[in-house]
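Take a look at the structure below.
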Amino acid sequence: MFVHAPIEAKRFTHSAGTQVAEHWHPQGQLTFVTQGTSSITTAEGWWLAPPGRAIWVTPDMPHTAAYSEFSDVIQLLIPPSLCVTLPQACRTLQVSDLLRELALEALTFAAPGRNNHDIPAICQLIVHQLSAASAGIALFIAKGKDRRLRQITSLLQLDPGKNYSLETVAEIAACSPRTLARLFQAETGMNFTRWRDHLRVVTAVDRLSRGQNITQVALELGYQSPNSFSTMFTRLLGEPPRRFMNNLRLAKNLPAPS
């Protein structure tokens with residue numbers, strides 16, 4: 001007997017440099033990365049998911065997606081009726097071993113000859129696991145809403161290693177440093193320096209996940225030495241970059257950073 005599955009599961013592979021144009025779904029979307037990295041951008045900001053993490057996008061939320069390297073992702077589309085207990089805003093989520101196995105099982109729902117009597121229970125478990133999932137470390141960069149602030153956050157995202165001063169970027173935005181500093185704090189919850197450090201550490205996770213070495217990443221992101229980069233990384237993510245990436249590798253069979 002075929003049982004209609006309320007949760008739709010798909011698996012995609014994307015080549016390096018793939019850009020997915022802005023679109024939206026009536027369902028909630030979970031993008032779970034098994035290999036590579038995924039970044040999703042909404043009007044609010046930019047989320048990054050390395051392997052073992054997922055990005056939750058709420059129903060009807062316009063978003064774009066990008067893949068900086070060859071990536072394998074599982075996408076779960078969850079109808080609004082099942083999203084009541086799920087996060088009401090986009091966020092990154094830790095993927096438990098159970099949630100990973102449930103997502104893989106959901107891919108078999110449409111397989112010919114499958115006994116689908118267990119579909120309702122699996123869907124219920126998926127929703128429960130998503131409801132309980134930890135946000136973990138927030139690999140998210142806020143854009144801000146003010147036109148002047150968005151101009152600067154976009155500029156810095158294009159070249160996160162550029163050591164612009166607050167005065168320089170305020171001049172670019174045609175406002176005073178005081179005004180721009182106030183906008184950063186009010187709309188991102190961070191001052192200018194911390195926001196840029198956060199941008200750099202999220203960028204670093206993306207590049208380290210792609211196999212770049214720590215020294216190369218540190219220098220490209222504007223640090224004088226790997227030690228100064230490691231200090232910043234540890235301050236924001238709670239552990240040094242080598243340990244952070246090794247933990248990802250041990251959990252998901254990633255290559256170790258060089």
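The values are calculated or read from the model by the stated rules, or taken from the named source; none is laboratory data. Keep in mind that this is a model prediction, so the values were computed, not measured. Virtual Cβ from ideal backbone geometry, glycine too; neighbours counted across all protein chains shown.
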Candidate set from the stretch 74-98 (those that are of a type outside the set (Ser, Thr, Tyr) and under 14 Å from PRO51 (Cβ atoms)); member that is surrounded by the fewest Cβ atoms within 10 Å (Cβ to Cβ): ASP97
Just for the stretch 182-194: of the residues that are of a type in the set (A, V, I, L, M, F, W, C) and within 22 Å of the chain's Cα centre (by Cα), which one is surrounded by the most Cβ atoms within 10 Å (Cβ to Cβ)? PHE184
For the stretch 161-219, enumerate the residues that are of a type in the set (Phe, Trp, Tyr) and either under 30 Å from GLN35 (Cβ atoms) or touching a residue at least 24 places away in the same chain (Cβ under 8 Å) (or both). PHE184, PHE192, TRP195
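Could you please give the count of residues in the stretch 173-213 that are among the acidic types (Asp, Glu) and out of contact with any strand residue (DSSP E or B) (no Cβ under 9 Å at 6 or more places or on another chain)? Explain how you work it out, then say what you get.
Initial filter on the stretch 173-213 (among the acidic types (Asp, Glu)): 187, 197, 206.
Those still in the list that are out of contact with any strand residue (DSSP E or B) (no Cβ under 9 Å at 6 or more places or on another chain) too: 197.
Number satisfying all stated conditions: 1.
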Can you say whether LEU48 is at pLDDT 95 or above and not assigned by TED's automatic domain parsing to the domain that holds ASN246, as far as the supplied structure shows? no
If you go through the stretch 16-33 one residue at a time, do you hit one that is at positive phi, within 15 Å of the chain's Cα centre (by Cα) and touching a residue at least 60 places away in the same chain (Cβ under 8 Å)? no
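Which ones in the stretch 63-113 are under 13 Å from the mean Cα position of the chain (by Cα), assigned to a strand (DSSP E or B) and without any contact (Cβ under 8 Å) to a residue 60 or more places away in the chain?
Those that are under 13 Å from the mean Cα position of the chain (by Cα), assigned to a strand (DSSP E or B) and without any contact (Cβ under 8 Å) to a residue 60 or more places away in the chain: HIS63, THR64, ALA65, ALA66, TYR67, ARG91, THR92, GLN94.
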Residues satisfying the stated conditions in the stretch 24-49, i.e. in contact with a Ser or Thr (Cβ under 8 Å, 6 or more places away or on another chain) and farther than 25 Å from LEU155 by Cβ: GLY28, THR31, VAL33, GLN35, GLY36
Taking the stretch 108-126 as the search range and keeping residues that are within 15 Å of PRO6 (Cβ to Cβ) and of a type in the set (A, V, I, L, M), which one is surrounded by the fewest Cβ atoms within 10 Å (Cβ to Cβ)? ALA121
Scanning the stretch 143-181 for residues that are crowded, with 19+ Cβ neighbours inside 10 Å and small (Gly, Ala, Ser), which turns out nearest to LEU219 (Cα to Cα)? ALA170
So GLU22 clears everything in (1) farther than 30 Å from PRO120 by Cβ; (2) crowded, with 21+ Cβ neighbours inside 10 Å except one condition, right? Which one? (2)
Checking THR31, THR64 in turn, the sole residue that is under 26 Å from GLY211 (Cα atoms), among the polar types (S, T, N, Q) and buried (at least 18 other Cβ atoms within 10 Å of the Cβ) turns out to be THR31
Could you list all residues from the stretch 37-62 that are in contact (Cβ under 8 Å) with a residue 40 or more places away in the chain and assigned to a loop (DSSP other than H, G, I, E, B)? THR37, THR42, ALA43, GLU44, PRO50, PRO51, GLY52, PRO62
